[in-house]
Amino acid sequence: MSWEKAWVASPGDLSARKLEVPDFDPRDLRNALGRFATGVCLVTTQGVDGKREGLTASSFSSVSLQPPIVLWSLRRGAGSLATFIAAEHFCINVLHAEQIDISRHFCRPQLDKFEEVAEAFGTGIGGLPTLKGALATFECERVSHQVVGDHVVFYGLVRRYTYSDASPLAFHAGNYACLQSA
Ligand SMILES: Cc1cc2nc3c(=O)[nH]c(=O)nc-3n(C[C@H](O)[C@H](O)[C@H](O)COP(=O)(O)O)c2cc1C
């Protein structure tokens, strides 16, 4: 499906709009967007067949405090897409500065990303894999998902959360970074 059709096919207000899509070089646009520094998360879930899935993601954002809603987005070509769409829950595991290795592990496609690192995870609501010692965890019930262009945006209601005061892992211009106080 073309980019434009995929956008027009998405639900909600977007479907009514006729958009003239700019012809940007995707690589260059990505470079520009990468100037926005973010934190780094592992988003994890357990599929209906019990198989654990997860990936490194920086698209996490808070949306609403009351009710507590967060979002993140997944590339439509991702191997884990079908599992995340079918699952009722997902967990956002925010990484601290010492967790670069697990971030690298979860951004590489693999049949079973959890096999080698099973010990690093506990079990949360509905069997969710929760990363032990994460900077923060948000166990979410998926309330909605929406196709937007080449990604699917997932919205979750936070059911349970944890956090600590460790330093965050950051990502900027294609590189991992650690934050310094301004
Ligand atoms: C720092 C960082 C942030 C990323 N953020 C996202 C993201 O928000 N959404 C996404 O779909 N992929 C993101 N990726 C890429 C995925 O981690 C990568 O494509 C992964 O292999 C997808 O997993 P899967 O193929 O098992 O589904 C990111 C990668 C890195 C290194």
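The values are calculated or read from the model by the stated rules, or taken from the named source; none is laboratory data. Predicted model only: the values in this text are computed from it and were never measured. Every residue, glycine among them, receives a Cβ derived from its backbone with ideal geometry; neighbour counts consider all protein chains shown. Note: areas computed on protein heavy atoms with side chains; ligands, DNA, RNA excluded. Shrake-Rupley method; radii C 1.70, N 1.55, O 1.52, S 1.80 Å.
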Dividing the helical contributions, -39500 (n - 2.57) per DSSP H run of n ≥ 4, by the residues of the chain yields a 222 nm value, nearest 500 deg cm²/dmol, of -3500 deg cm²/dmol
Under the Karplus relation with 6.51, -1.76 and 1.60 and θ = phi - 60°, whole-Hz ³J(HN,Hα) for the stretch 108-125, x at Gly and Pro, equal 9, x, 8, 4, 9, 6, 8, 3, 6, 10, 3, 5, 6, 10, x, 10, x, 3
Percent of all Cα-Cα pairs per 5 Å bin for the chain, counting from 0 up to the last occupied bin, reads 1, 8, 16, 19, 20, 17, 11, 6, 2, 0
Most packed first (mean Cβ within 10 Å per residue), the peptides 41-47, 25-31, 128-134, 101-107 order as 41-47, 128-134, 101-107, 25-31
To the nearest Å², the heavy-atom accessible area per residue of the chain with 1.4 Å probe amounts to 61 Å²
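Give me Rg/Rg_expected for the stretch 73-158, where Rg uses Cα atoms only and Rg_expected = 2.2 N^0.38 Å with N residues.
My calculation over the Cα atoms of the stretch 73-158 gives 1.10.
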A correct Kirkwood calculation over the Cα atoms of the stretch 113-168 returns a hydrodynamic radius in Å of 13.2 Å
The answer for VAL40, listing residues at least 5 apart or on another chain whose modeled amide H is closer than 5 Å to its amide H, is LEU95, LEU169
Once phi for every residue in the stretch 57-62 is put through the Karplus expression 6.51 cos²θ - 1.76 cosθ + 1.60 (θ = phi - 60°), the whole-Hz ³J(HN,Hα) values, with Gly and Pro written as x, are 8, 10, 7, 4, 8, 7
Across the alpha-carbon set of the stretch 30-124, Rg over Rh with Rh taken as the Kirkwood radius works out to 0.95
Put TYR176, TYR163 in order of accessible area, largest first, probe 1.4 Å, and you get TYR163, TYR176
